[in-house]
Each structure stands twice: as C-alpha cells, then as structure tokens.
Protein chains: 2
Amino acid sequence: MSTSGFKSALDLARLIDHTLLKPTASQADIGILCREAIAHGFWSVCVAGTWVATAHMAVRGSPVKVCAVVGFPLGNASSTAKAAETAAAVKDGADEIDMVINLGALKAGDIDTVTSDIRNIVTVAAGRPVKTILETCFLTDGEKRIAAKAAVAAGAAFVKTSTGFGRGGATVADVTLLRQAVDAGTGVKASGGIRDLATATAMVAAGATRLGTSASVALMSELAGGRPKTADIKSY
Amino acid sequence: MSTSGFKSALDLARLIDHTLLKPTASQADIGILCREAIAHGFWSVCVAGTWVATAHMAVRGSPVKVCAVVGFPLGNASSTAKAAETAAAVKDGADEIDMVINLGALKAGDIDTVTSDIRNIVTVAAGRPVKTILETCFLTDGEKRIAAKAAVAAGAAFVKTSTGFGRGGATVADVTLLRQAVDAGTGVKASGGIRDLATATAMVAAGATRLGTSASVALMSELAGGRPKTADIKSY
C-alpha cells in the first residue's frame, strides 16, 4: 500500500466519484452503484439525470453524495436547456453538478458564451459545487487554460478533464496544467480512463483533488492488496 | 444514376437531414452546413440545441427545416430536462425534434417510463414531428420492436435507428425490422454510418423515409457521377 501514496483505503475512497453513465444502465445497476459507494466510503455516486432521484433515495442517511451530469457528454445543448436540466437535478436531490462546457464556443474564441453558460448552471445550482468538464482531448493547451480560467470566473468549484466518452481521458500532463491554471481553492477532477491504482496515484500526485471512475471497486481491491478485480458494472 | 434508385438528385436530397453534431462545431461550421443544405435542397439541417437559433436564422426564407437533437446522445437525461430542452429548441426555431429514448428503462422492461418520456417531448413539440432515436446497436430485436411500438403509442412521427455516437449505426436489417414494426404513417429514419450512395440506396430500399448523415455533400457528388468527395465537415 505504501507505493500508492494513500495512507488508508478511506483516503482513496473519499476522493472518488463512483460513476455509472452508460446509457443502458438500469435502476438495478444504480442501486448496486449506490450500495458499493456506501460500502467503500466513496465521496459520491455520479449518475445521469434520469437516475438522480433513485440515487438520492438509495444513499439517504449515508455520507455519500449524488453528482448529476448536465449537458453530457457533448456540451452542445443550449444553455437554457442545461440550466433547466440542472434545476431538475437539484429538485431530484443532486448535491453536485458535473456539466460539460460549450466546446464549440471555446474553439471559436467566444469566451463570453463559455463563461455565461457555466455561470447559468452555477446560479441554478444555488451553492452546490459545479464541476466544469473541459473534455481536454479536444483542446489545445491554450484552450485548456482559457477554459479553466472561464470556469473559475463563472464560480465553478472544480475543473474536470473528461467525460469518458471522448477520444481520450485524463492525463498527468492535463491535470498538472489545470492545477497550475486555477487557484488553490478550486478543485481539479481527473476522469476518464482511471482503471488502476498506479493511474489514480499519478493523478493525485499531479494535483487532482477528485477522481471520477467506474473502476472504483477494482481500485479499492487493488489498494487492499488483492488482485485487480473487474468492476461489477462495465463502463460504456 | 439509374443504379442508385433515385430518379433525380432532389429525390435523394429531400430525404436527407444534413447533420453536424460534433461537440467542437462552431457557429461558422453551422453556417456552412446551412448553406450546403440550401444549395443541395436537403430536407433539413440537424444540429445541437446551442445552434438551433443560428441555424434557424441561416435557413430563413428557404424550404430547409431545422431539426434539434434532445437528450443526445445518451438518452439518460431526466424527462423533465428533455422536455425543457425541447421547449428551448422550439422557442429557438426548431421544426423537428430528434430525441433519444430512455434506454435504461427499456432494457429493464419499464415501457411505461419509455412511453411517457416520449409523450412528454411530443406534447412540448406541439405538433412538430418528433423522431425517436432507439440507438439500435444496444438493443435486441425484441427491444427494437417494443421501443418502436412505444414511440408510435406516444405519438412520435418517426422511429430512428442511431445517434452516430454509439457502437454502431444503421443497418439494412434494422431498417427492415423498424419498417415492419410501425404503421405506414410512421416514418423510419436511418442514421449513423451512411457515407456512400450504395448504403443510402440500400436504406431507402429497406424502407427508410429519411436519412441522417454528415456525408450528404459526398452522397450528392457521387449521385452526380463525380468521384466520391470528402465532406467539408468531418463527423465526430
């Protein structure tokens, strides 16, 4: 365990948003996800809007929070739609919002649109932490820095690397860049492709303060010294 | 041209929803898409919510319609969020709505949820045609038939095969199945992976009444007897 850099299993577990976003996931799958999160002490479960109320009921009375994704995974819904989706998630019991930024506006240099889109969600989230998914696989380093600064200016609590549905996931280089681009009070969530302890450890060493993964149970098993175990629920 | 089965270029063009949904598409890209649609006489442009107002302005005064995607591409947003997204698209000028069904509910056999989700969108669309994307690559043949019947029961105008973001796109077998599963008054839209005239022709022969593709300009060029031309705008 010493090589992982995590002093205890809970040190790792409390960093994890235990994630299930595949489109065919059922209510039963969400129930399993929530029981796993409670059993291992994960920070949260991260689910799609249609499952927020189910997850909220399933984790009630435990410290496990519910993250809801918004504008996911393409980020090109209208800002009005994203805000309404956020409001519905909040009503259903979401504690945190993981929203995908407007990548087309960012690519075109229309930073005002990127910022106002995030600010709309932050406003509707009403104090709940908002994580802004930059989908770094599509961005230049310059665009990543601009997006991170827009997120901070708009009141986001976290910048987050990836949806897990794009061409690539979190990299140590991107986490390092994002950590440097935002102030110490802003979190950095590494997500996408984190499937073993070595990767999780490297992301935290690079400055990640939250990890999004669907391989959470496998990570905990590996940390406990067992053989890496395949997660019960496959990702998309 | 006789081998294609299309009597004229316009016969093909009027079947096509000219599509650009990649998350990094810019306002300029949407402008090109709309100009291409007007020039070739495509039925519509199919865009994400953030671009509906832009597209509506760009095709004004032409016969080209605007399709807006909803709950795209995973279908697991809450029904409240999908309905709000539809309302925003309608306000921005959408003529048709292409929505992804709740695949998790379908997989779990919760057909009431699948149907009510579609009905919510049909209601908000207020007479505008709603196409229900089944994302057939994830479904058994039985699930495809059940979903098609739910779509018809909920008042959808079309059943549609694919988002283009899943594991697979339209197949002749699926178009044939859907054509048999719905009444003659319900349209069948084939989408995903239609990149050449042979495929487009096969889909129409199998019963497709609409084609969704981002390779529309290449198809027209091929029909005109030119060399297959790479589309100006790449798909995701």
Evaluate E = 1/(1 + (r/R0)^6) for B:Ser62 and A:Ala28, where r is the Cβ-Cβ distance and R0 equals 45 Å; express this FRET efficiency to the nearest 0.05. 0.40
Along the axis that rotates chain B into chain A, which residue of chain B has the nearest beta-carbon, and what is the gap in whole Å? B:Ala84, 2
Shortest first and in nm with one decimal, please list how far the A:Ala205 label point sits from its counterparts in the other copies (point 7 Å along Cα→Cβ). 5.9
Could you order peptides A:193-203, B:66-76 by the average number of other Cβ atoms within 10 Å of their residues, highest first? B:66-76, A:193-203
Average beta-carbon neighbours from other chains, 10 Å sphere, peptide A:20-32: 5
How far, in nm to one decimal, is A:Arg35 from itself in the other copies if the label point is set 7 angstrom along Cα toward Cβ? Shortest first, please. 5.8
Can you give the average number of partner chain beta-carbon atoms within 10 Å of each beta-carbon in peptide A:63-69, as a whole number? 1
Most positive-pole-ward Cα, B:Thr171, B:Ile133, B:Ser79, against dipole of segment B:9-223 from beta carbon charges: B:Ser79
If you take the square roots of the eigenvalues of the alpha-carbon gyration tensor of segment A:9-223 and sort them as a ≥ b ≥ c, do you get rounded (a/c under 1.5), prolate (a/b over b/c) or oblate? oblate
Sort the following peptides by mean Cβ neighbour count (other Cβ atoms within 10 Å, averaged over residues), highest first: A:20-33, B:155-168. B:155-168, A:20-33
Sorted from shortest, what are the nm distances separating the label point of A:Asp110 from equivalent points in the other copies, each placed 7 Å from Cα along Cα to C-beta? 3.6
Assuming R0 = 30 Å, what is the FRET efficiency of A:Asp141 and A:Ala224, from their Cβ-Cβ distance, to the nearest 0.05? 0.20
Cut-off under 5 Å, modelled amide H: who pairs with B:Thr19 long-range: B:Cys46, B:Thr213, B:Ser214, B:Ser216
Report the local net charge at A:Gly142: Lys and Arg +1, Asp and Glu -1, summed over other residues whose C-beta lies under 14 Å from its C-beta. +1
For chain B, what does the relative contact order come out to in percent, with C-alpha contacts under 8 Å and a separation of six or more? 18
Kindly provide the helix-only [θ] at 222 nm of chain A, computed as the sum of -39,500 (n - 2.57) over DSSP H runs of four or more divided by all residues, to the nearest 500 deg cm²/dmol? -12500 deg cm²/dmol
Hey, can you grab everything whose amide H is under 5 Å from the amide H of B:Val70? Only 5+ residues off in sequence or another chain; H modelled, so Pro and N-termini drop out. B:Asp98, B:Met99, B:Val100
Kyte-Doolittle mean at least -0.5 and Cα extent at least 15 Å along the axis: which DSSP H helices of chain B qualify? B:27-40, B:79-92, B:111-125, B:141-153
Least to most buried among A:Val64, B:Val182 (fewest other Cβ within 10 Å first): B:Val182, A:Val64
Can you give the average number of partner chain beta-carbon atoms within 10 Å of each beta-carbon in peptide B:83-96, as a whole number? 3
Out of segment A:1-110, which trypsin sites (Lys or Arg not before Pro) are coil in DSSP terms and have no more than 10 other C-beta atoms within 10 Å? A:Lys7
Would you kindly enumerate the cysteines in the protein assembly as shown that have no other Cys beta-carbon under 4.7 Å from their beta-carbon? A:Cys34, A:Cys137, B:Cys34, B:Cys137
Mind checking the full-extension length gain between B:Lys91 and B:Ala126? Use 0.36 nm per residue of separation minus the Cα-Cα distance, one decimal, nm. 11.5 nm
How much FRET efficiency would the formula 1/(1 + (r/R0)^6) give for A:Leu10 and B:Ser8, where r is the Cβ-Cβ distance and R0 is 56 Å, rounded to 0.05? 0.25
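Read-outs throughout are calculated quantities, based only on the coordinates presented, and are distinct from any laboratory measurement. Remember, it's a predicted structure, so these values are computed and weren't measured experimentally. Every residue, glycine as well, gets a Cβ built from its backbone with ideal geometry; the counts of neighbours run over all protein chains shown.
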